[in-house]
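Any read-out appearing in this document is the output of simple, stated calculations on the displayed coordinates, not a laboratory observation. Keep in mind that this is a model prediction, so the values were computed, not measured. Counting neighbours? That spans all protein chains shown, and the Cβs are built from the backbone with ideal geometry, glycine included.
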């Protein structure tokens, strides 16, 4: 019996059954075949209604259809003829030569060309060896779209069991039109120990490519790959390549399962490409921000080394699953972490950092090759070279440059440079053992403390020692140096000294001087050693050589310096100084000098001992308690004039010594001082034994809780001060006899003040002061007949005052170019003071100078400050310029018997003109100096002063020469300064005038010549008070200077030429010599 209820051209079942993600070609072949009629071979029962409008045919029991070579079997089948619906139910089994489909139910919708298989759907592709399972499968004829749902899975090569490829997902889809298959939701692909998961997988049949997205991840044993997207490329049913975007990969390979050793490589980059051979990874290429962290297999788990490398590209080559080589290119750099073999049980990890144009890591040989612009750093050691080989196992380095020929001359590009802290070695080739810290350098060169050491072979025999054969030492950085010290054998002890023998000084290639041996100190920073000598010859002092001595850096807390100064006529001066310091606790110094003079005549011999002593000490016991002390002591008043070259110290004729104790609390401070002042010219002396003070800072009597809620009484402040003085003074009278003054005073102050604004614009500040003084005067030749006391005497005074102040503003707007306008700010101030007359213990007040004024005072003081400003606008920004200040001040005492009006003080200052500062001050008196006549309209000018400073500075367009190890930047700066001062003090009988002009300049005349000149001309004496010329010449690694003082105490000249870095190697000359012995010196 033949029942043709299928479409005339296409049979839907083959299309439904041959769905696969990876091998969908069979669908295309079947769709082109001509459909054959379906023949009912068997059914236990057939039922059909006779309603032609809605005919239903039902088949029961072992239903069997045959269509060509295909058998269709089920327990039941129903055909709804009008609606075009056919349903196979119960153990549905459709078999063909190429496939076998099983399901609980198969439904075909003839009108919509849609077929659905339900319930334990299983498709077996006998040709491709594929099994597809799921709970539901659907095929849409019109869209040519096939879908498996409800836990679908695909098994490729199921007979391979564990090595079969399995795909599971929530949905499996395939479009015949685009030949694209899709797996959606919890996608999992497994093959042996390989497992891939993602949220979506798309198979492109024509391109033989699978795209995994939505958190794709591949895991094989303990290795895994992840990224934002993966592309799997197939060839001949084998995985050939994997491309991963925004990739991360962890590769692990077990080397020994018994010892549990494995190598590990963690990779990351923008893109990662895995190339496979026979489904084994042969190469990994990481592109873009590539990084690799590799840990080789090791039995000692406490000392696992790691190599972190990064660059634009990282390539990893594998064989039989093992990493053989890693190549990094494009900004390649890396870090090698290892634990050195030491006896230290802590096993602290160490790090070697390296970078190059390209890096090759030979894993099996445990070597790293740095290729092109290479650099390696370990601890304080850095190595730069064109190429560097690093043997990880031996911890050894081999560095070399690239040999090139240019114009017949052999040169080395990227010659090795080894640095250790401040030390540097350069050579053609270099070998270095990091473990033993020993190495060799061929044609080597090293820099130590601004010195350059060259030799045919440099050998590092320890951390601190270098041996050099056929050595040269120089500070000249020229390839053909202007000078050098040559030695056949040289030993360099870093941070200490260089020992050479013999030593020959060559200048311009010619031998100049020789020594059997020489020691060059190369200690950096503060260290012990001989002092640099100082030679001179100035009028007023005979020829001398100074600073013959030694500096001893005993420890980090203290040092000591001793020296001799030898004068041709005056003899020898012994000098010494010591410094000490403990950070945050104390610091200080002690220095001095000693000279013994012997004067002989025909009958007697006189010995005279002359000396000076300077001490300085500062100590912090706590943040609020400190002690300081300083003092200068001399054997006689002319000691500094005779032997000190410092002009300021020579002019200073007052010696002061003091010990001071200071303690403070929150608003209270106290101090106690022992003080001495000694005048070297008049021999007067003032002693304070002691001088003490106690003060309470200004504080409110009624403190407020906050600034916003304060009342007027919260602005009433008080302050307290108390000063105690025990003075012992000695002065000479006109006859030369000493007059002595000795007393004690206690001066105490209480002040109340109040400040408040009135009418917003006026500041109102009243005050009340009280002062009480206690006196005790000892009996001396100045006090015994007048003011000597037997008990303490007291004196109290008080005064009242008030002050008013406001600000007034005036503006004048204009638009002239960038000028916006002018502003004038006036600050007038008026103060009133009142004090009654006090006569108590007036004699004691006059004698001690303490106790305030006695006369009655009703005074007023007034002042007017003026500020003139200009505002300009440049580049849309406004800027204020202060033109000048003009201030006036005077006062009036209503109770003064005469001269009630105080002198008028006027001060004018301006810096508005660039590079120019001007100041003018004057004091005018309103009374005649002798007759006290009031000069209302013609006040007398009492004092007058005008001063100005004109200065220019900049950088010379002629760049100053620079020498390695020698900073000469100041020689490129120029400066010109002109200062002027004129002042008058007009007394009753004479006028004292001071008028001088100062000039100072320094500038580079040429690139190598530099001139400095300073002078001061006194118009009153009509001569130069001081002049100084200095001419400096840069000679690359040498320098020369000529100093000339035309007149004065330091009159003379001085010429010197020396090596910059070795100033002791010099030639110098003055107008004469120290006994003819030191006219010229080389060492």
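Percent of Cα pairs in the chain per distance bin of 10 Å, from zero to the largest separation: 2, 6, 9, 10, 11, 10, 10, 9, 8, 7, 6, 5, 3, 2, 1, 0, 0, 0. A straight line joining the Cα centroids of the stretch 271-288 and the stretch 981-995 runs 97 Å.
Placing dummy labels 7 Å off each Cα toward the beta-carbon, the span from residue 1013 to residue 587 is 4.0 nm.
For the peptides 465-478, 504-517, 828-841, residues were scored by their other Cβ atoms within 10 Å and the scores averaged per peptide; the highest-first order is 465-478, 828-841, 504-517. Over the chain, DSSP H runs of length four or greater, each weighted -39,500 (n - 2.57), average out per residue to a 222 nm ellipticity of -500 deg cm²/dmol. Backbone N atoms of the stretch 565-596 closer than 11 Å to the 7 Å Cα→Cβ label point of residue 613 belong to residues 591-593. For the stretch 60-104, the convex hull drawn through the C-alpha positions has a volume of 73 cubic angstrom per residue. Principal axis extents of the C-alpha atoms in the stretch 44-147 (largest first, rounded to whole Å): 46, 33, 26.
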